[in-house]
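The structure under discussion appears below in the form of structure tokens.
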Amino acid sequence: MTAEDTYKTIVEPSEGIYTEKRSKFIAIALPVRTLDEIKAHLETYQKKYYDARHVCYAYMLGAARKDFRANDNGEPSGTAGKPILGQINSNELTDILIIVVRYFGVIKLGTSGLIVAYKAAAAEARDAFKAKYPNRSDFQGAWLLYRVY
């Protein structure tokens, strides 16, 4: 099995929490296969966290990693979705949706602070998944490898 025959993804949801200047960021990483699944998850989490200030997300689909999107959901352009997508890209993951819910904590973070916070929150969800499987032999760096057919 060569590197071209595989791709990395997660097999079950994981969650992480990050706080910065009294703002709370709840990050959820979810395995997904289709846009319909993504839409359903987004609807579910937007309803669940109806009282949150922002529900931002990014996803990547397919072994070729060509179907992706990042959404700032009202945050300044490029401060939420892109950092979340950056965490997906830095680990070369696919078939994944990461949602980050922000509860505003009164103190403004500024654009650079938002970028750092969303990136850190997404990393928390990603690392929570890795922590569940620290010694699995079928993982490379804790990510499940799937064979492309």
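Computed from the coordinates by the stated procedures, all read-outs in this text should not be read as laboratory data. Keep in mind it's a predicted model, so treat the numbers as computed, not measured. Virtual Cβ from ideal backbone geometry, glycine too; neighbours counted across all protein chains shown.
Amide H to amide H, with H built 1.01 Å from N, residue 67 comes under 5 Å of 61, counting only residues 5 or more places away or on other chains. When the alpha carbon gyration tensor of the stretch 1-102 is reduced to an equivalent ellipsoid, its three semi-axes come out at 24, 14, 12 angstrom, largest first. The charge dipole of the stretch 1-59, taken about its Cα centre with unit charges on the Cβ atoms of Lys, Arg (+1), Asp and Glu (-1) only, comes to about 460 debye.
Charged side chains reduced to their Cβ positions (Lys and Arg at +1, Asp and Glu at -1) give the stretch 1-108 a dipole of some 560 debye around its Cα centre.
Taking other C-beta atoms within 10 angstrom as a stand-in for reagent exposure, 51, 72, 67 fall in the order 51, 67, 72, fewest first. In the structure shown, the pairs 8/66; 24/119; 48/119; 24/48 are assessed against 20 Å; a Cα-Cα span above that value is assigned to 48/119.
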